[in-house]
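The values are calculated or read from the model by the stated rules, or taken from the named source; none is laboratory data. What you see is a predicted model; the values in this text were computed from it and never measured. Cβ placement follows ideal geometry from the backbone for every residue including glycine, while neighbour counts extend to all protein chains displayed. Please note that ligands, DNA and RNA were not included when accessible areas were found on the heavy atoms of the full protein model with its side chains. Shrake-Rupley method; radii C 1.70, N 1.55, O 1.52, S 1.80 Å.
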Amino acid sequence: MAYENEPNIKVINHPLLKHKISIMRKKETGTNEFRKLVEEIAILEAYEALSDLPTEDVEIETPLEVSMQPMLKGKKLAIIPILRAGLGMVSGFLSLVPSAKVGHIGMYRNEETHEPVPYYCKLPGSIDERTIVVVDPMLATGGSACDAIAQIKKQGGKNIKFVCIIAAPEGVSKLHEAHPDVQIYIGSLDRELNDKAYILPGLGDAGDRIFGTL
Ligand code: PRP
Ligand code: URA
(Lines give C-alpha, C1' and ligand atoms only; values in the text may rest on other atoms or scores of the structure.)
(Ligands and ions follow the chains in the order given, each with its own letter.)
Protein backbone atom coordinates (compact mmCIF):
# COMPACT_ATOMS: atom_id res chain seq x y z
CA MET A 1 0.00 0.00 0.00
CA ALA A 2 1.38 3.43 -0.92
CA TYR A 3 0.76 5.33 2.29
CA GLU A 4 1.82 8.68 0.80
CA ASN A 5 -1.41 8.71 -1.20
CA GLU A 6 -3.65 7.78 1.72
CA PRO A 7 -4.92 10.92 3.46
CA ASN A 8 -5.85 8.90 6.57
CA ILE A 9 -2.37 7.41 7.07
CA LYS A 10 0.31 9.82 8.20
CA VAL A 11 3.92 8.94 9.01
CA ILE A 12 5.15 11.91 11.05
CA ASN A 13 8.51 13.24 9.94
CA HIS A 14 10.24 15.31 12.54
CA PRO A 15 13.92 15.02 13.48
CA LEU A 16 13.20 15.25 17.24
CA LEU A 17 10.65 12.44 16.99
CA LYS A 18 12.99 10.22 14.95
CA HIS A 19 15.88 10.87 17.37
CA LYS A 20 13.83 9.99 20.43
CA ILE A 21 12.42 6.83 18.83
CA SER A 22 15.97 5.69 18.02
CA ILE A 23 16.96 6.06 21.70
CA MET A 24 13.86 4.08 22.76
CA ARG A 25 14.83 1.23 20.47
CA LYS A 26 18.25 0.70 22.10
CA LYS A 27 18.24 -2.39 24.27
CA GLU A 28 20.28 -0.62 26.96
CA THR A 29 17.67 2.16 27.42
CA GLY A 30 16.24 1.55 30.90
CA THR A 31 12.68 1.82 32.17
CA ASN A 32 12.99 5.33 33.56
CA GLU A 33 14.36 6.84 30.34
CA PHE A 34 12.04 4.73 28.17
CA ARG A 35 8.97 6.02 30.01
CA LYS A 36 10.13 9.63 29.66
CA LEU A 37 10.72 9.14 25.94
CA VAL A 38 7.24 7.65 25.42
CA GLU A 39 5.77 10.73 27.10
CA GLU A 40 7.86 13.19 25.05
CA ILE A 41 7.10 11.38 21.79
CA ALA A 42 3.40 11.43 22.65
CA ILE A 43 3.59 15.23 23.01
CA LEU A 44 5.21 15.57 19.57
CA GLU A 45 2.65 13.23 18.03
CA ALA A 46 -0.25 14.95 19.79
CA TYR A 47 0.82 18.28 18.28
CA GLU A 48 0.51 16.72 14.82
CA ALA A 49 -2.55 14.53 15.38
CA LEU A 50 -4.57 17.37 16.93
CA SER A 51 -3.70 19.94 14.28
CA ASP A 52 -7.21 19.74 12.77
CA LEU A 53 -9.18 20.26 16.00
CA PRO A 54 -12.01 22.72 15.30
CA THR A 55 -11.87 26.19 16.82
CA GLU A 56 -14.37 29.02 17.16
CA ASP A 57 -13.82 32.71 17.70
CA VAL A 58 -14.80 33.88 21.16
CA GLU A 59 -14.70 37.30 22.73
CA ILE A 60 -11.79 37.90 25.11
CA GLU A 61 -10.42 41.01 26.71
CA THR A 62 -6.69 41.71 26.49
CA PRO A 63 -5.17 44.45 28.69
CA LEU A 64 -5.65 46.74 25.65
CA GLU A 65 -8.97 45.87 24.00
CA VAL A 66 -11.82 43.44 23.46
CA SER A 67 -11.09 41.02 20.64
CA MET A 68 -12.45 37.86 18.98
CA GLN A 69 -9.89 35.05 19.23
CA PRO A 70 -9.90 31.29 18.40
CA MET A 71 -10.52 28.74 21.14
CA LEU A 72 -11.09 24.98 20.91
CA LYS A 73 -14.70 24.21 20.00
CA GLY A 74 -17.08 21.46 21.03
CA LYS A 75 -16.99 18.60 23.50
CA LYS A 76 -13.75 17.68 25.17
CA LEU A 77 -11.42 15.20 23.60
CA ALA A 78 -11.34 11.56 24.72
CA ILE A 79 -7.92 9.92 24.99
CA ILE A 80 -8.22 6.13 25.05
CA PRO A 81 -5.08 4.12 25.77
CA ILE A 82 -4.98 0.41 24.95
CA LEU A 83 -3.66 -1.20 28.14
CA ARG A 84 -1.02 -1.61 29.16
CA ALA A 85 1.49 0.16 26.94
CA GLY A 86 -0.90 2.88 25.75
CA LEU A 87 -0.96 4.24 29.31
CA GLY A 88 2.55 5.58 28.77
CA MET A 89 1.28 8.02 26.11
CA VAL A 90 -1.61 9.51 28.10
CA SER A 91 0.37 12.07 30.12
CA GLY A 92 1.92 13.47 26.93
CA PHE A 93 -1.52 14.12 25.43
CA LEU A 94 -2.86 15.51 28.71
CA SER A 95 0.03 17.95 28.98
CA LEU A 96 -1.30 19.61 25.78
CA VAL A 97 -5.03 19.09 26.43
CA PRO A 98 -5.42 18.84 30.22
CA SER A 99 -9.23 18.90 30.07
CA ALA A 100 -9.47 15.75 27.90
CA LYS A 101 -11.40 12.80 29.31
CA VAL A 102 -9.63 9.44 29.49
CA GLY A 103 -11.13 6.02 28.72
CA HIS A 104 -9.39 2.65 28.98
CA ILE A 105 -9.46 -0.48 26.85
CA GLY A 106 -7.73 -3.56 28.26
CA MET A 107 -6.37 -6.03 25.75
CA TYR A 108 -3.45 -8.44 25.54
CA ARG A 109 -2.22 -10.67 22.73
CA ASN A 110 -2.49 -14.43 23.00
CA GLU A 111 1.15 -15.52 22.77
CA GLU A 112 0.45 -18.38 20.35
CA THR A 113 -2.29 -17.04 18.08
CA HIS A 114 -1.27 -13.34 18.45
CA GLU A 115 -5.01 -12.59 18.56
CA PRO A 116 -6.11 -9.85 20.97
CA VAL A 117 -7.90 -10.90 24.16
CA PRO A 118 -10.13 -8.08 25.49
CA TYR A 119 -10.51 -7.79 29.29
CA TYR A 120 -11.69 -4.24 30.07
CA CYS A 121 -13.51 -1.31 28.49
CA LYS A 122 -14.57 1.93 30.17
CA LEU A 123 -15.20 4.96 27.97
CA PRO A 124 -16.12 8.57 28.86
CA GLY A 125 -19.78 9.63 28.52
CA SER A 126 -21.15 11.27 25.34
CA ILE A 127 -18.53 9.34 23.38
CA ASP A 128 -20.48 9.92 20.16
CA GLU A 129 -19.88 13.69 20.45
CA ARG A 130 -16.14 13.59 21.11
CA THR A 131 -13.00 13.52 19.04
CA ILE A 132 -11.45 10.24 20.16
CA VAL A 133 -7.72 9.53 20.14
CA VAL A 134 -6.78 5.87 20.68
CA VAL A 135 -3.14 5.58 21.75
CA ASP A 136 -0.83 2.56 21.76
CA PRO A 137 2.92 2.68 21.10
CA MET A 138 2.87 -0.47 18.93
CA LEU A 139 0.79 -1.39 15.86
CA ALA A 140 2.01 -4.90 14.98
CA THR A 141 -0.54 -7.29 13.43
CA GLY A 142 -3.17 -4.59 13.96
CA GLY A 143 -5.46 -6.98 15.84
CA SER A 144 -5.53 -4.99 19.11
CA ALA A 145 -6.15 -1.62 17.41
CA CYS A 146 -8.89 -3.05 15.15
CA ASP A 147 -10.71 -4.65 18.08
CA ALA A 148 -10.34 -1.61 20.33
CA ILE A 149 -11.76 0.68 17.64
CA ALA A 150 -14.60 -1.77 16.93
CA GLN A 151 -15.50 -1.64 20.66
CA ILE A 152 -15.47 2.17 20.60
CA LYS A 153 -17.65 2.30 17.47
CA LYS A 154 -20.09 -0.17 19.06
CA GLN A 155 -20.54 2.31 21.93
CA GLY A 156 -21.20 5.16 19.46
CA GLY A 157 -17.72 6.61 18.83
CA LYS A 158 -17.42 8.16 15.36
CA ASN A 159 -14.61 10.65 15.02
CA ILE A 160 -11.60 8.44 15.78
CA LYS A 161 -7.84 8.85 15.42
CA PHE A 162 -5.23 6.20 16.20
CA VAL A 163 -1.74 7.29 17.28
CA CYS A 164 1.17 4.87 17.60
CA ILE A 165 4.93 5.24 17.88
CA ILE A 166 6.07 2.25 15.80
CA ALA A 167 4.02 0.40 13.19
CA ALA A 168 4.54 -2.62 10.96
CA PRO A 169 3.18 -2.43 7.39
CA GLU A 170 0.96 -5.46 8.12
CA GLY A 171 -0.76 -3.65 11.00
CA VAL A 172 -1.25 -0.41 9.09
CA SER A 173 -2.89 -2.26 6.18
CA LYS A 174 -5.14 -4.29 8.47
CA LEU A 175 -6.26 -1.27 10.49
CA HIS A 176 -6.86 0.90 7.42
CA GLU A 177 -8.83 -1.84 5.67
CA ALA A 178 -10.99 -2.53 8.74
CA HIS A 179 -11.51 1.15 9.65
CA PRO A 180 -10.78 3.37 6.62
CA ASP A 181 -12.43 6.34 8.35
CA VAL A 182 -9.86 6.33 11.19
CA GLN A 183 -6.89 8.69 10.84
CA ILE A 184 -3.70 6.78 11.64
CA TYR A 185 -0.60 8.64 12.90
CA ILE A 186 2.72 6.79 12.97
CA GLY A 187 6.06 7.83 14.45
CA SER A 188 8.08 5.24 12.53
CA LEU A 189 7.01 2.74 9.91
CA ASP A 190 9.22 -0.31 10.46
CA ARG A 191 10.12 -3.16 8.11
CA GLU A 192 8.08 -6.23 9.04
CA LEU A 193 6.89 -8.66 11.71
CA ASN A 194 8.92 -11.66 12.85
CA ASP A 195 7.40 -15.13 13.34
CA LYS A 196 6.29 -14.17 16.87
CA ALA A 197 4.50 -11.07 15.48
CA TYR A 198 7.08 -8.69 16.97
CA ILE A 199 8.00 -5.61 14.93
CA LEU A 200 11.44 -5.53 13.27
CA PRO A 201 13.63 -3.65 14.03
CA GLY A 202 11.08 -2.44 16.64
CA LEU A 203 11.91 -1.98 20.31
CA GLY A 204 10.77 -5.26 21.88
CA ASP A 205 7.75 -5.48 24.16
CA ALA A 206 6.60 -1.92 24.82
CA GLY A 207 4.52 -2.80 27.92
CA ASP A 208 7.40 -4.65 29.53
CA ARG A 209 9.81 -1.81 28.78
CA ILE A 210 7.48 0.87 30.15
CA PHE A 211 6.56 -1.01 33.31
CA GLY A 212 9.82 -2.89 33.93
CA THR A 213 8.21 -6.34 33.73
CA LEU A 214 10.88 -7.89 31.50
C1 PRP B 1 1.16 -4.79 22.69
C2 PRP B 1 0.98 -3.37 22.25
C3 PRP B 1 -0.31 -3.43 21.47
C4 PRP B 1 -0.25 -4.81 20.85
C5 PRP B 1 0.09 -4.66 19.41
O6 PRP B 1 0.38 -5.09 23.79
O7 PRP B 1 0.97 -2.45 23.28
O8 PRP B 1 -1.45 -3.29 22.27
O9 PRP B 1 0.77 -5.53 21.54
O10 PRP B 1 0.06 -5.88 18.77
P11 PRP B 1 -0.98 -6.24 17.62
O12 PRP B 1 -1.00 -5.07 16.70
O13 PRP B 1 -0.39 -7.46 17.00
O14 PRP B 1 -2.30 -6.50 18.25
P15 PRP B 1 0.45 -6.52 24.53
O16 PRP B 1 -0.52 -7.46 23.90
O17 PRP B 1 1.88 -6.97 24.59
O18 PRP B 1 -0.11 -6.19 25.95
P19 PRP B 1 0.57 -5.33 27.13
O20 PRP B 1 0.63 -3.90 26.64
O21 PRP B 1 -0.38 -5.50 28.25
O22 PRP B 1 1.93 -5.89 27.40
N1 URA C 1 3.78 -5.54 20.89
C2 URA C 1 4.94 -5.01 21.33
O3 URA C 1 5.02 -4.49 22.45
N4 URA C 1 6.01 -5.06 20.53
C5 URA C 1 5.97 -5.59 19.29
O6 URA C 1 6.99 -5.59 18.58
C7 URA C 1 4.75 -6.15 18.85
C8 URA C 1 3.67 -6.10 19.67
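Given an 8 Å cut-off on Cα distances and at least 6 residues of separation, report the relative contact order of the range 83-177 as a percent.
Answer for the range 83-177 is 27 percent.
Order the following by accessible area, largest value first: 181, 195, 190. Probe radius 1.4 Å; ligands, DNA and RNA are ignored.
These residues rank, largest area first, as 195, 181, 190.
Rounded to the nearest 0.05, what FRET efficiency do residue 173 and residue 69 give with R0 = 45 Å and r taken as the Cβ-Cβ distance? Could you check?
Details: r = 42 Å, r/R0 = 0.93.
Calculated transfer efficiency: 0.60.
Strictly over 29 Å apart at the Cα level, which of 18/75; 73/174; 36/76; 122/161 would you flag in this model? Before the final figure, lay out each step's value.
Details: 18/75 32 Å; 73/174 32 Å; 36/76 26 Å; 122/161 18 Å.
In this structure, 18/75; 73/174 exceed 29 Å between Cα atoms.
Enumerate the helices in the chain for which the Kyte-Doolittle hydropathy averages -0.5 or more and the C-alpha atoms extend at least 18 Å along the helix's axis, using complete DSSP H runs.
In the chain, the long hydrophobic H runs are 31-49.
Please state, rounded to one decimal and in Å, the Kirkwood hydrodynamic radius that the chain gives when every pair of distinct Cα atoms enters the mean of 1/r. Write out the running numbers ahead of the final one.
Numbers: mean 1/r = 0.0564 Å⁻¹.
Taking the inverse mean of 1/r over all distinct Cα pairs, the chain comes out at 17.7 Å.
If the cut-off is 15 Å between C-alpha atoms, which aspartates and glutamates fall inside it for residue 154, apart from same-chain ones fewer than 8 positions away?
Leaving aside aspartates and glutamates fewer than 8 places away in the same chain, those within reach of residue 154 are 128, 129, 181.
Name the residues whose placed amide hydrogens come within less than 5 Å of the amide hydrogen of residue 205, ignoring near sequence neighbours (fewer than 5 apart) on the same chain.
The answer is none.
Between rounded, prolate and oblate, where does the range 123-166 land on the alpha carbon gyration tensor, with a ≥ b ≥ c its root eigenvalues, rounded for a/c under 1.5, else prolate if a/b exceeds b/c?
Note, shape of the range 123-166 comes out prolate.
Order the following by accessible area, largest value first: 179, 14. Probe radius 1.4 Å; ligands, DNA and RNA are ignored.
14, 179
For the chain, what does the helix formula give at 222 nm: sum of -39500 (n - 2.57) over DSSP H segments with n ≥ 4, over the residue count, nearest 500 deg cm²/dmol?
Rounded to the nearest 500, it is -9500 deg cm²/dmol.
How much of the accessible area of the chain, probe 1.4 Å, is carbon plus sulfur, in whole percent? Intermediate results must be reported in sequence, preceding the final value.
On the way: 5690 of 11060 Å².
Of the solvent-accessible surface of the chain, carbon and sulfur hold 51 percent.
Using DSSP to define loop residues, name the GluC sites (Glu not before Pro) in the range 34-70 whose beta-carbon has at most 16 other beta-carbon atoms within 10 Å.
65
Would you mind working out the accessible area per residue for the range 21-156, using a 1.4 Å probe, and quoting it in Å²?
53 Å²
Can you tell me, using C-alpha contacts under 8 Å and at least 6 residues apart, the relative contact order of the chain as a whole percent?
23 percent
Please state the shape class of the range 1-65: rounded when a/c is under 1.5, otherwise prolate if a/b exceeds b/c and oblate if not, all from the C-alpha gyration tensor.
Oblate.
If amide hydrogens are placed 1.01 Å from N in the peptide plane, which non-local residues have theirs closer than 5 Å to the one on residue 117?
108, 109, 110
Starting from the Cα gyration tensor of the range 48-94, take the square roots of the eigenvalues, sort them a ≥ b ≥ c, and report rounded, prolate or oblate (rounded when a/c is under 1.5, otherwise prolate if a/b is larger than b/c, else oblate).
prolate
So for the chain: antiparallel DSSP bridges make up what percent, rounded to the nearest 5?
Working: 15 of 39 bridges.
Percent antiparallel among DSSP bridges in the chain is about 40.
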